[in-house]
Structures are given as structure tokens and as C-alpha cells.
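What follows is calculated from the coordinates using simple rules that are stated; it is not laboratory data. None of the values given here were measured: they were computed from a predicted structure. Cβ placement follows ideal geometry from the backbone for every residue including glycine, while neighbour counts extend to all protein chains displayed.
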Amino acid sequence: MKMRRQSLSRTLAALLALLLPTLPSAQPVTKPAVSAGKSQAKQGPKAKVRIVATGGTIAGAQGDSGSYGYKSGTFKVEDLIQGVPHLEKLATLSGEQVVNIGSQDMNDAVWLKLASRVNALLASPDVDGLVVTHGTDTLEETAYFLDLVVKSDKPVVLVGSMRPATAVSADGPANLYNGVAVAASPEARGRGVLVVINDEIHAARNVTKMNTTNVETFHSPNRGPAGLVNTGAITWMDPVDRKHTKATEFSVKGLESLPRVDILYAHANMSPDLIEAAVEHGAQGLVIAGVGDGNMTQESIDTLEKVQKEHGVAVVRSSRVPTGLVLRDNEINDDQKGFVASGEFNPPKARVLLQLALTKTCRPERIQRMFDEY
Ligand code: GLU
């Protein structure tokens, strides 16, 4: 009897999970927002928003067993669009699939393909804004890569989710709804690439994933969010004061690959062996996820100075600490050693910027200038 009741409740739970994404959610706010600085999806001619899908949990499904495990990138872009009630009221939508992968498998080749496609789409008068759906693991890296190589003012918004589409309380539909609202908003133009998740808007440059599984995982720890978005109603905060998109010196035109840059994680008793191994395997740049203010063992510092001076390897000191800046010439003499201080950039963001910097130069002072400007 107990067994029968258990299997009935399991069947009901499975049915509910399947139905949930198709149930109507809260209606979009239709009243104009009250406070200055707030905006929402406008009435009148609808913006044309293209959804470019890459996979991730937002397109993921739980396994048949009903267990917690799930597979990223199961649903296609059409399923995502159809799974969000009232989405078509915000914008005229179209979609395409670039890849369908878990974002742990994101790589340079997909970045180059995605960036070229995004630039081509944004150059068309048929596209007013773009939403890129993406797994959350490396979402911040793809967002910042696009922020540095997209050549348009039109909104580009990355959206992910922490729970798969079939989960009870899936967060993907609300995130996609808000992402489309932001991509359709004329006020999102010129703000650089944005990340919309969990009712917040973040600048690609500032955002990072802070919790392994919670829906409240994306934060901009040093600067706070770029805005808030609740059922499509947007409140903007101060715009980013650093160069992005059209103002950068970077371009993916003609690029067939990106320079190899590795991240090495510092810790007590850090040995320099992995630094040497990375250089032997072809790393042209190294980012150190340093202790504290971008620090590491003396042996590691000495080895980095050597690979910088003897092999021209670019060395960026970032930090494994989630907030604060890595200051230049503070505890370590960067001028003398030829190092670059990452400032606000965490290790994965520093890696993205260094990859692009190395397409232009390997001189530390020029790379430092880029870290100060972007
Ligand atoms: N590892 C998967 C990915 O990044 C799941 C994480 C997620 O999307 O939330 O695609």
C-alpha cells in the first residue's frame, strides 16, 4: 500500500513538473512604472528580438528516474520560446541554435563562431536586440568575451537558469521573460553586454557566479547590479564607466583561434611546477588566482618573472578572493617583474581579457593599460 502511494505521488510529481512550464505565470505588469529611471516593455511597434541558444540548464531536462540529476542542453530554442507564457507580447521573436552544450564545454572555437554570428545579426535591421541562452557555469566568461568584441550598441543579454526546464519551480521561464524584456528595451542600448537572471541585470564585466546551486547565484560583488527587472519592469542603476563593445580595440574578424591562457590557483605551499608545465604546453599568458592581493609563494613569483622575461609570457595577477581589487605595485613590484595587476577582474574575466589583449600585444605595460581601461 505504502509502495503504491509512493509511486502515485511520484507520478503526480512528474506530471506536475511537465505541466508547470506551460501554466500561465503572473501577468506582465501593464501599468507604467512609477519611479524615475524605471521602464518596461513599451506598447506600440514591438522590438525584434532574436534568441540565440547555446544550451545549458535553461534547456536542460531531468532524467526519467525523477532524481535530482539532469542533462544540460536537452531542449531546443523553439521549446524554450514556447515554454514561456506571454513572451510574444514583449517582442517579435525568432530563434536559432548555435550549439547545444553544457557551458563547462564552452571553448574558444564556439566563442569565435558565436561572436561572429552575434555581430552579423546585430548588423541587420531585422534585429533590435539579442538574447543568448547559456549554461551558468561559464556564462560570465562568454558574456565578457562578447562585451569586448561585439560591435554594436544594440542590447545583447545573456540568460541562464539554475534549475532545468522540467524542475518544480524552474527559474528559466522567468529569466527568459525578463531577458527578452531587457533586450527589447531601447534603454538597454549602449550599456554593453548584460546578464539577466533572478530578477537582476548585471554588466558582463562585473558579474560572477557565487553559489554552486542556488538560484540567487549571480552577483556583481564590487559594484552591484546594473539594474533590476521584475516581470519585465526594468529599473536601471548607473551605467558601466569602462570601455566595451564598439569602443574596444578588439575584433574577432579574421581570428581563427585565440592565444592559450591558463589560470593557476595559488595556495599555501604553492609550487612553481604547474607554471613551468603550462608554459611548456604553449601558454602565452598566465593568470594567477592569487592569495589575498594577487600574491603567491616567492618561488612562484620568481618562476613567473623568469617566464615573463625569458619567454615573453604575459603574467596577470588576479585573486582567489571574491571581492576587492588587485593593486599594482602594492605588495609585489609589478614594474620591475613585468607583471600586470588585474584590478577588479576575477581570474576567469582576467583570462578573457588577456586572451584578447594577446591578439594585440604581449608588452606588459600595454596589457596593463587595457586592464585599466576595460
Ligand atoms: N554545467 C551546466 C552548464 O553550465 C549546468 C549549469 C547551469 O546551466 O546552470 O551548462
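Taking Y144, Y265, Y177 as the candidate residues, the one with maximal mean-square fluctuation in a Gaussian network model of the chain, Cα springs under 10 Å, is Y265. For a paramagnetic label modelled on D372 (point 7 Å from Cα along Cα→Cβ), amide N atoms under 14 Å away belong, within segment 305-330, to 327-330. Lys and Arg at +1, Asp and Glu at -1: add these up for the other residues within a Cβ distance under 13 Å of N175 and post the number. Around N175, the charge tally is -3. Applying the Kirkwood pairwise sum to the alpha-carbon positions of the chain produces a hydrodynamic radius of 21.7 angstrom. Rounded to the nearest 10 degrees, the angle from helix 172-183 to the longest Cα principal axis of the chain is 70 degrees. Modelled label positions at E299 and D108, each set 7 Å beyond Cα in the direction of Cβ, lie 3.0 nm from each other. Taking every DSSP bridge with both residues inside the chain, close to 35 percent are antiparallel.
The trypsin sites (Lys or Arg not before Pro) found in segment 203-255 that occupy coil by DSSP, while having at most 13 further C-beta atoms within 10 Å, are K253.
For a straight C-alpha distance cut-off of 12 angstrom, the aspartates and glutamates reachable from K360 (same-chain residues fewer than eight places away being disregarded) are E249.
DSSP bridge analysis restricted to segment 224-305 gives an antiparallel fraction near 50%, rounded to the nearest 5.
In terms of packing, defined here as the mean over residues of other Cβ atoms within 10 angstrom, the peptides 315-327, 271-283, 107-119 line up highest first as 315-327, 107-119, 271-283. Segment 156-193 and segment 66-112 have their alpha-carbon centroids 11 Å apart. As a proxy for reagent exposure, ranking E140, E365 by other Cβ atoms within 10 Å from fewest up yields E365, E140. Extension gain, T217-R189: 0.36 nm per intervening residue step, less the Cα-Cα distance, totals 7.6 nm. Dividing the mean sequence gap of close Cα pairs (under 8 Å, 6+ apart) by how many residues the chain holds gives a relative contact order of 14 percent.
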